[in-house]
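Working notes for the structure below.
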Ligand code: SF4
Ligand code: FES
Ligand code: FES
């Protein structure tokens, strides 16, 4: 899909203004693009490149490094089911199969209505709570098959409104008024902090 | 060397390498210190001209700094006092084994069909340091291959070992980060953004530095095996930087050019134009035989007939002959022609510049800087006129390094933003016709108010830097072919008198132009910058009076005062900026004698065409823009009956009944050393030896007063209300003969465009890509708009020699600046 909308461009400008170098804003901007389209589109990456003054290849390099950025359309809810060892021991694989069967898709696929994508993922750091999954990066712990069905049901009928569409990081957006910005300054012109300077002299060779 | 290495060895750092007590330089990397002491540590990612990244771990060695031995990457480690290093220990060997086994897990074993096979660091390291066999029995990974990442470079991702050399080069050295690591971990690959190729002027360097066969170049792919190649070290004659190269041939055909790491010049880098220039040498369209026009069309003839006809055409009073060109030849050939023309025939209407340069005496009287001096850490570089990225791309890499990594500051005084603008401390973008007055205000320090549209702030910034007591180097070239060179000369005059300590680096771009000037292929000078009345041993005469430059020659031709044009590898019909003038001159003259390697538009109009060899086919010497001599070597034989340029001069002299007095290149060299003071101290064996090559001595012109008759400070008044002043300069890839004859480069130029200042684009209501009508006299073209950074309002930038529009139609050499009308097309 697309470049940032006019409204999101304003948000982008604010985000960029928080950093001494524009390109430092790349990660939050990628999230912004993903929030807009549900995934990070090629056009969006080109747009971000323009906004922060790097090449699209550099944006792609950053974007593709992080699993949380998806570069192809996915469902409104992306369900990452852990099948790594701890979860596997308590039924992670079975949970995945159940999900695949009830939704009629394979891991990596998206339902026809565009609502759900399932991914088979490695450890998501909730090993004591297996089998577990993340839906748009919100945890669900110790799921039975019917817990899974209920979750799907709730997402379908809208009762699970605690889970925003894929790409939305938080339900509120951080806004820092310009006069509350802290620590801004070009690294080239900002003096070294005193504690750093005092450590500067004589980089004594180790073991000398 | 890398930034981490200091320039001067101050104190030695004692360390122990494999039991031997040695000294490293202060701040030296272990991998370098070991190399200097004869111990080669295997490596993939380390490159002496780039910052270390420690990506590949091939260079792990056992190091003990007092905390017990451990493995450390020697490319990331500065030698510290009393470091104990063991490159042969069991654990070093185990590390090398392990790294190679891991590296080879997914690397295909297709060496027999791989371009790199035979010269591959991975092959060599696996053989010398590897385990010999792999425990990996699984299927290797497969990718679609090869994928073109640019018009010149192919990528085979299976072979890539992720050393970060190509990507580091693209980002850190070339400043074109169009390739990047994509994805992560096991999936990591080098790639471009979809649809955005690695279209860097320097892409070929990545092929040379890739330690495996992952990157291959389109022209060289599958053409030869490294062990079949014969090679010779030489110098690139593509532009006046004089980058050091290796010419490689197979079966008497040039197949590859590689950059050589010359500390003083190109640091191993080349532009793609230099790297793939050999394709023009191999071109089908090369002239093989002498040709004559006897019956309305050029036909092949024998040398005797052609030489006879050439001599007849030249058997005129010296004032009736005009000679244009000579910058493509070697110094020896230039001397031979100078001696033949000036010393035998007394002709002085000779100009190696085609109205696109700068007054020769002005350039030759400047105190010269070397590239190293211009690029010295902490220096101040003043860029007058040119965009080095387009005109002298390899020099651009050195300047970029100086500004980005070595703390040099840049002032640009150019007609538009250049490839270095983003790093410039002061950006003075001059309207056509204002370079002189702007330089004057800098030279006199009157920078309190804006001058000719340049803000006081930029002028003050520049002035502060110029007065900062840091060493100043002015790099000067002709930035605008539609503006008289008098403005540039005026700028030189002001900078010279305002900053007497400043040194200058000539950025005249044509191949061996500095050799040509030094050998006297310019009006009013004999070799070595000597005046016309100098007596030179063995020269039977010298020109009686100062001759004409190219513009003067063409004007005299139009008036019928010159009836023979001799073209020395030049193509004025397309290359001289004033199209009308050169056309009329060609129509007016009786004889055109062309010495060339191709049938250009001009040589097609010749009565006699004498075919020459090109660099790579003939031996000689090159004088680069810092006045440094380096060898041009022959590697292959020229096609057909081609002869070296100096031989043609000698042949013509002989047919005319004279004798130039030499019959080999070394005899010419001896004569040059004996007769030309600037070459008196040259040791030719030093020129031929591997190394940076000697600088010639300063001519008596240097330090003399700058010739000022041509200096122009008058700011011309705009002529009409709708005219925009032309800024005409060159792109690296254009329709120039050598690029156009090189198969893989001939398609790389863009279409002509109308470059507008953003203010003018707004005024006209046009955006990038919209069409505008450009009118110059009878010539009109519809060109796409391109908004050009830094272009002052009131100017229009149209590059020279791109298809779609010839700005030469709009240039009159008699006007100080030139204008065209730019209007929105009524749709
Ligand atoms: S393509 Fe070659 S140079 Fe680039 S990272 Fe891979 S191995 Fe290194
Ligand atoms: S194994 Fe599933 S969360 Fe760690
Ligand atoms: S050469 Fe040192 S890590 Fe690659």
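Counting Cβ atoms of other protein chains within 10 Å of each residue's Cβ and taking the mean over peptide A:48-56 gives 3.
Computed over region B:191-265, the convex hull of the alpha-carbon atoms projects to a mean area of 6.4 nm². Computed from label points 7 Å out along Cα-Cβ, the spacing between residue A:66 and residue B:680 is 7.0 nm.
Pairwise inverse Cα distances across the protein assembly as shown, averaged and inverted, put the Kirkwood hydrodynamic radius at 32.2 Å. Each peptide among B:546-557, B:657-668, B:458-469, B:332-343 gets the average number of other Cβ atoms lying within 10 Å of its residues, and from highest to lowest they stand as B:332-343, B:546-557, B:458-469, B:657-668.
Highest-first packing order for the peptide set A:144-153, B:346-355 is B:346-355, A:144-153, based on the mean count of other beta carbon atoms within 10 Å. The gain in end-to-end length when the residue A:145 to residue A:88 segment is fully stretched comes to 19.1 nm, 0.36 nm per residue minus the alpha carbon separation. The residue B:815 and residue B:587 beta-carbon pair, evaluated with R₀ = 22 Å, returns a calculated FRET efficiency of approximately 0.55.
Site pair residue A:179 and residue B:705 shows an inter-label distance of 6.5 nm when each label is modelled 7 Å from Cα along Cα→Cβ. Which of the three applies to region B:517-649, rounded, prolate or oblate, going by the alpha-carbon gyration tensor with a ≥ b ≥ c and a/c under 1.5 meaning rounded? Since a/c reaches 1.5 but b/c is at least a/b, the shape of region B:517-649 is classed as oblate.
Scaled to the globular estimate 2.2 N^0.38 Å, the Cα spread of region B:683-807, given as radius of gyration, is 1.53. Counting only other chain Cβ atoms within 10 Å of each residue's Cβ, the peptide A:61-73 averages 3. A simple spin-label model places pseudo-atoms 7 Å from Cα toward Cβ; at residue B:782 and residue B:134 they are separated by 5.8 nm. Which part of region B:800-827 falls in the paramagnetic zone of residue B:601, meaning amide N under 16 Å from the point 7 Å along Cα-to-beta-carbon? Backbone N within reach: B:800-813.
Here the relative contact order of region B:482-580, from alpha carbon pairs under 8 Å that lie six or more residues apart, stands at 14 percent. Peptide B:171-184 is shielded by partner chain Cβ atoms: per residue, an average of 4 of them sit within 10 Å of its Cβ.
Working note: Cα atoms of chain A, range along each principal axis, descending, whole Å: 63, 53, 32. Compared with the rule-of-thumb size 2.2 N^0.38 Å for a compact globular protein, region B:536-578 has a Cα radius of gyration ratio of 1.44. Against the empirical curve 2.2 N^0.38 Å, the C-alpha radius of gyration of chain B lands at a ratio of 0.99.
From helices alone, the protein assembly as shown scores -7500 deg cm²/dmol at 222 nm; the rule is -39500 (n - 2.57) for each run of n ≥ 4 DSSP H residues, then divide by the residue total. Working from Cα pairs under 8 Å separated by at least six residues, relative contact order for chain B is 13 percent. The equivalent ellipsoid of region B:297-385 has semi-axes of 38, 15, 13 Å, largest first, where each one is the square root of 5 times an eigenvalue of the Cα gyration tensor. The angle separating the long axis of helix B:550-559 from the principal Cα axis of greatest extent in chain B is about 30 degrees. Shape verdict for region B:13-103, please, from the Cα gyration tensor: rounded (a/c under 1.5), prolate (a/b greater than b/c) or oblate. It is oblate, given that a/c is not under 1.5 and a/b is not larger than b/c.
When you restrict to C-alpha pairs under 8 Å that are six or more residues apart and normalise by the size of region B:351-430, the relative contact order lands at 27 percent. Please work out whether region B:361-506 counts as rounded, prolate or oblate from its C-alpha gyration tensor, where a ≥ b ≥ c are the square roots of the eigenvalues and a/c under 1.5 means rounded, while otherwise a/b larger than b/c means prolate and anything else oblate? Rounded, since a/c falls under 1.5. Here the residues B:519, B:413, B:732, A:68, ranked from fewest to most Cβ neighbours within 10 Å of their Cβ, fall in the order A:68, B:732, B:413, B:519.
Could you state the angle between the C-alpha long axis of helix B:486-498 and the longest principal axis of the C-alpha atoms of chain B, as a value from 0 to 90 degrees rounded to the nearest 10? In chain B, helix B:486-498 runs at an angle near 60 degrees to the longest axis.
Expressed to the nearest 5 percent, the antiparallel share of DSSP beta bridges inside the protein assembly as shown is 60 percent.
Ranked by how many other Cβ atoms sit within 10 Å of their own Cβ, fewest first, the residues B:107, A:72 fall in the order A:72, B:107. The percentage of C-alpha pairs in region B:422-461 whose separation is greater than 16 Å is 25%. Taking other C-beta atoms within 10 Å as the exposure proxy, B:576, A:39, B:753 rank A:39, B:753, B:576 from fewest upward.
What angle do you read, to the nearest 10 degrees and between 0 and 90, between the alpha-carbon axis of helix B:645-655 and the longest principal axis of chain B? That helix lies at roughly 30 degrees to the long axis. Once you've got the GNM for chain A with C-alpha springs shorter than 10 Å, pick whichever of A:101, A:93, A:46 has the biggest mean-square fluctuation. Greatest mean-square fluctuation among the candidates belongs to A:101. On the principal axes of its alpha carbon atoms, region B:393-456 extends 33, 22, 16 Å, with the longest extent given first.
Taken together, the values in this text are just the output of simple stated rules run on the coordinates, not laboratory data. Owing to the predicted nature of the structure, the values given are computational and were not obtained by experimental measurement. Note that we place each Cβ from the backbone using ideal geometry, even for glycine, and neighbour counts take in every protein chain shown.
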